[in-house]
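**Q** Have a look at this one before I ask anything.
The values are calculated or read from the model by the stated rules, or taken from the named source; none is laboratory data. Just so it is clear, the structure is predicted and the values come from calculations on it, not from any experiment. For neighbour counting, all protein chains shown are included, and Cβ atoms are generated from backbone atoms with ideal geometry for every residue, glycine included. For accessibility, only protein heavy atoms count, side chains too; no ligands or nucleic acids. Shrake-Rupley method; radii C 1.70, N 1.55, O 1.52, S 1.80 Å.
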Amino acid sequence: MSFDQQARDLVAQMTLEEKAAFCSGQDFWTTRAIARLQLPSIWLSDGPHGLRKAGGGMMGQAQPATCFPTASALASSWDVELLERCGRAIACEAQASGVHVVLGPGVNMKRSPLGGRNFEYFSEDPRLSGKMAAAQITGMQAEGVGACLKHFAANNQETERFTSSSDPDPRTLHEVYLAAFETAVKEARPWSLMAAYNKLYGTYATESALLLRRILKDQWGYGGVVVSDWGAVDDPVAALRAGMHLEMPGTDNDHMERLIAAVRDGSLEESTLDAMVGELLRAILAVHATHRPEASFDADAHHALAHELAAASMVLLKNDQGLLPLAAASASKVAVIGGFAKHPRYQGSGSSQVNPTRLSNAFEPLALALGDRLAYAEGYLSDGETTDALVSEAVAVAAGADVAIVFAGVPEVCESEGFDRTHLFLPAGHDRVIAAVAQAQPRTVVVLMNGSAVAMPWAEKVGAILEAWLGGQASGEAIADILTGRINPSGKLSETFPRRIEDTPAYPYFPARDGVARYGEGLLIGYRHYDTRCVAPLFPFGHGLSYTRFAYGAPTLSAEAIKDTDTLQVSVPVANVGARAGQEVVQLYVRNRTGAAVFPDKELRHFAKVALEAGETKTVTFALTFRDFAYFEPSIEDWLVASGDYDVLVGASSQDVRDARTVTVEATRRAFAPLTRNSLLKQVGAHPHGKVLYRTILEAVAPVFGMEGKTDPEALTMFERMIADTLIHKFVETSEGRLSEHRLDALLAEANAAAPAAQG
């Protein structure tokens with residue numbers, strides 16, 4: 001019997017009280033079981049970068065699990081195959097722990113680098129985020145564990161997160177803040193999706209029929225379960241009616257009684273309750289059937305994978321004069337400075353904290369590799385502050401070495417779920433130590449441990465910078481391997497690092513504190529802002545160095561002109577012209593030059609991570625399709641491609657474009673909003689069946705403007721431009737009787753009847 005049929009049979013046997021109770025959890029982590037119907041409970045557990053199966057409440061002690069790098073690190077690997085393996089590993093541990101659903105991954109956009117939960121999210125770019133999430137979900141669900149994609153939607157700040165309303169314009173909502181969810185939903189079909197705390201356009205996400213029905217279910221075809229974020233439900237009846245299946249955690253009887261009362265007083269159809277309970281039951285039965293009670297996992301193998309992921313995610317931001325890797329065979333003395341070398345920050349704070357199966361630091365493997373050539377100074381206190389004595393010690397140790405490596409970053413107390421950061425800087429003690437060491441030792445390397453972008457006032461004074469992120473339990477070993485050259489760094493920034501907070505897109509309006517986040521930067525989030533407005537970042541999106549060098553050949557297009565229904569193949573040869581094996585992330589951007597609307601300078605559309613031996617060349621091929629050229633048109637609530645020219649850009653970062661080609665795209669699908677009395681004249685002229693009305697209006701008002709009988713092309717063009725932005729009903733008043741209200745309405749009806757709102 002299918003799960004659908006089983007679910008229908010169970011619903012038919014349930015009482016109203018049982019159905020109402022079933023819409024919220026049994027306790028903090030599990031769904032309700034119904035013994036008389038032999039209906040099992042399932043366990044939902046925190047993620048997303050490792051399993052956090054906690055007893056008791058939200059922050060109860062979690063059982064040991066592998067702590068993988070956080071999402072901000074994982075996205076910087078740009079490696080979908082690694083993300084799928086990560087998802088599989090997390091699911092294997094979930095199976096062994098009796099967990100059926102893991103709460104993750106998170107794909108909310110990094111509107112500002114100050115977002116307190118940025119470490120849990122992949123990127124400032126929806127294409128990169130969506131692809132990373134789809135890969136991780138695919139891996140998890142291949143092992144029989146459900147993923148819960150979160151936090152839907154526009155959940156971009158921690159400040160007042162339970163009350164703030166996110167209000168982006170429609171294009172920005174669809175092109176930026178929904179796009180990663182759409183990719184993950186359509187490509188990976190997550191078992192569940194988590195509705196966020198915040199409001200959207202004044203309505204709680206858990207109660208938003210726009211989000212949960214119109215977009216998620218009707219437009220995207222999603223058939224999974226919608227779960228609330230923990231404690232996010234304000235009105236259980238409105239939430240269920242909007243499309244939310246399961247409220248978590250379990251509540252007292254109040255919400256159950258409100259559902260029962262709504263059914264009994266007729267404000268909620270019992271058939272609506274039955275449908276939602278049936279869909280939830282079907283999913284619970286399906287995920288329970290894939291559970292393997294006998295499962296186990298290899299902790300050593302998973303630690304090795306955590307090491308591989310951490311190393312692949314780290315980004316070499318700067319490396320003057322080839323300061324790195326450290327020459328293992330030389331007699332150079334190395335100074336290691338900073339408490340993070342021995343006591344690393346390796347994950348974020350809040351509900352995603354994993355209790356690691358083990359934890360490595362960078363100091364021990366460096367000491368093993370360098371022996372008595374290694375010296376150490378603490379540098380700063382555990383709270384990030386420092387003292388004159390600690391600075392003096394660090395300077396002395398650095399001055400007595402050939403190379404100094406300073407470990408620094410953002411402490412746990414400054415970066416967590418629940419609050420946003422207040423500035424971009426490292427703790428004052430960290431910055432002070434770095435500046436002092438760099439002054440004493442020109443060959444200084446800085447290793448950073450942080451969940452999002454930070455300011456670096458000392459960047460020009462140090463020789464090398466390694467962004468290690470919050471790299472998980474094996475990050476220490478991975479850092480040591482990159483510093484000593486055992487591993488060639490291959491990460492690229494998944495977010496822009498600004499020079500100062502004043503340069504960021506949402507400054508000074510982030511975080512919103514007046515109850516409404518207005519998203520005034522629109523589409524210009526992240527690199528779209530920096531590249532479009534010519535604001536120089538500290539390090540651009542997609543940037544990352546290697547211990548080898550890569551050369552790009554000229555890209556070739558499969559055609560110079562296509563229709564929007566065609567697929568355009570883009571091929572680019574990439575060569576490793578250095579002396580050692582490495583991996584390069586090839587990035588493909590598209591620039592819209594049609595002028596049909598306002599567009600960012602360029603947008604990431606595809607990427608590929610390619611491994612190359614020294615001297616080897618490979619050709620990377622991308623396929624561009626309709627959505628790669630499309631924009632969201634609010635007037636028809638759908639995606640359109642504008643006819644015209646598009647630049648296809650291939651490069652190593654958003655600001656390191658190696659070559660470009662232009663393709664002309666012909667739109668085959670054209671859609672027009674219905675013409676009304678309040679349409680502008682230029683909208684009438686652009687409408688496929690507005691020509692008669694357009695010509696009638698011009699003829700009616702030409703005498704008023706002294707243009708009757710004029711044939712000069714320049715004068716006629718000037719005339720049309722001057723009145724193009726006028727509401728057409730205004731011409732009735734100014735036509736001196738040549739255009740009547742009746743004639744205007746008749747021509748409007750004729751145009752709209754000939755050209756419905758959506759064509760093709």
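**Q** How about Lys691: which lysines have a C-alpha closer than 29 Å to its C-alpha, ignoring those fewer than 8 places off in the same chain?
**A** Within the straight-line cut-off, Lys691 pairs with Lys563, Lys682, Lys710, Lys730.
**Q** Compute, for Thr676, the solvent-accessible surface of its heavy atoms (probe 1.4 Å) with the complete set of protein chains present, and express it in square angstrom to the nearest 10.
**A** For Thr676, the solvent-accessible surface is approximately 70 Å².
**Q** Ranked by accessible surface with a 1.4 Å probe, highest first, in what order do Thr717, Thr496 come?
**A** If we order Thr717, Thr496 from most to least accessible, we get Thr717, Thr496.
**Q** With just the Cα atoms defining each centre, how far is the stretch 651-690 from the stretch 124-178? Give it in Å.
**A** 27
**Q** State the percentage of accessible surface on the chain attributable to carbon and sulfur atoms; use a 1.4 Å probe and exclude ligands, DNA and RNA.
**A** 51
**Q** Could I ask something else about it? Hey, what angle do you get for helix 80-96 against the long axis of the chain, alpha-carbon based, 0 to 90 degrees rounded to 10?
**A** Around 70 degrees separate the two axes.
**Q** Arrange the residues Cys534, Cys67, Cys92, Cys414 by how much accessible surface each exposes, largest first, with a 1.4 angstrom probe.
**A** The most accessible residue leads, giving Cys534, Cys414, Cys92, Cys67.
**Q** Another question about this same structure. Which percent of the Cα-Cα distances in the stretch 617-731 go past 18 Å?
**A** Within the stretch 617-731, distances greater than 18 Å cover 66 percent of Cα pairs.
**Q** Would you tally the net charge around Cys92, using a Cβ to Cβ cut-off of less than 10 Å, leaving Cys92 out, and scoring K and R as +1, D and E as -1?
**A** Once all neighbours under 10 Å are counted, the net charge is -1.
**Q** How long is the gain from Ala35 to Ala575 if the chain were fully straight, where each residue apart is worth 0.36 nm and the alpha carbon distance is subtracted? Show your work: numbers first, answer last.
**A** On the way: separation 540, 0.36 × 540 = 194.40 nm, distance 6.31 nm.
My answer for the length gained is 188.1 nm.
**Q** Round to the nearest 10 and report in Å² the accessible area of Thr619, as given by a 1.4 Å probe over the protein chains' heavy atoms.
**A** Only protein atoms counted, so the area is about 90 Å².
**Q** Considering only DSSP beta bridges whose two residues both sit in the stretch 69-209, what percent are antiparallel, to the nearest 5?
**A** 20
**Q** Could you check the simple spin-label distance between Asp712 and Tyr509, using points 7 Å along Cα→Cβ, in nm with one decimal?
**A** 4.4
**Q** Okay, moving on. How much of the DSSP beta bridge set in the chain is antiparallel, as a percent to the nearest 5?
**A** 55
**Q** Here is a further query. For Lys217, list the lysines whose Cα falls under 23 Å from its own Cα; do not include residues on the same chain fewer than 8 positions away.
**A** Hits, sequence-local ones excluded: Lys19, Lys131, Lys150, Lys186, Lys199.
**Q** How much accessible area per residue does the chain have, counting only protein heavy atoms and a probe of 1.4 Å, in square angstrom?
**A** Details: 27940 Å² over 760 residues.
So the chain comes to 37 Å² accessible per residue, rounded to a whole number.
**Q** How high is the FRET efficiency from Arg258 to Thr676, r the C-beta distance, R0 45 Å, rounded to 0.05?
**A** E between Arg258 and Thr676, to the nearest 0.05, is 0.60.
**Q** So, one more: Can you work out the PRE-style zone for Asp745? Point 7 Å along Cα to Cβ, and I want the residues of the stretch 641-684 with backbone N under 12 Å.
**A** Residues 677 fall inside that zone.
**Q** Pull out the extension gain between Arg518 and Trp639, defined as 0.36 nm times the separation in residues minus the alpha carbon to alpha carbon distance; nm, one decimal.
**A** Full extension of this stretch gives 41.2 nm more.
**Q** Relative to the Cα centre, what is the charge dipole magnitude of the chain, using +1 at the beta carbon of each Lys and Arg, -1 at the beta carbon of each Asp and Glu, and rounding to the nearest 20 debye? Walk me through the numbers before you get to the answer.
**A** Details: 68 positive and 91 negative charges, 211 e Å.
Around 1020 debye, computed over the chain.
**Q** Sticking with this structure for a sec: Give, as a single signed number, the net charge of other residues whose beta carbon lies under 15 Å from the beta carbon of Ala478, with Lys and Arg counted +1 and Asp and Glu -1.
**A** Numbers: positive: Arg345, Arg358, Arg486; negative: Asp79, Glu308, Glu364, Glu467, Glu477, Asp481.
Residues near Ala478 contribute -3 overall.
**Q** Let me have the 222 nm mean residue ellipticity of the chain computed from DSSP H runs of 4+ only, each contributing -39500 (n - 2.57), with the sum over all residues rounded to the nearest 500.
**A** -8500 deg cm²/dmol
**Q** Indicate, rounded to the nearest 5 percent, the antiparallel portion of the DSSP beta bridges found entirely in the stretch 22-133.
**A** 50
**Q** Multiply the residue gap between Thr387 and Ala724 by 0.36 nm, knock off their C-alpha separation, and tell me the result in nm, one decimal place.
**A** Between Thr387 and Ala724, full extension yields 114.5 nm more.
**Q** Let me ask something else about it. Please work out how much accessible surface Asp402 shows to a 1.4 Å probe, ignoring ligands, DNA and RNA, in Å² rounded to 10.
**A** 70
**Q** R0 = 41 Å: FRET efficiency of Ala536 with His343, Cβ-based, nearest 0.05?
**A** 0.70
**Q** Please give, to one decimal in nm, the separation of the simple spin-label points placed at Ala399 and Arg8, each 7 Å out from Cα toward the Cβ.
**A** 8.3
**Q** Students often get this wrong, so try it: which of (1) 38.1; (2) 60.8; (3) 35.7 is mean projected area of the Cα convex hull in nm² as calculated from the structure shown?
**A** For mean projected area of the Cα convex hull in nm², the calculated option is (1).
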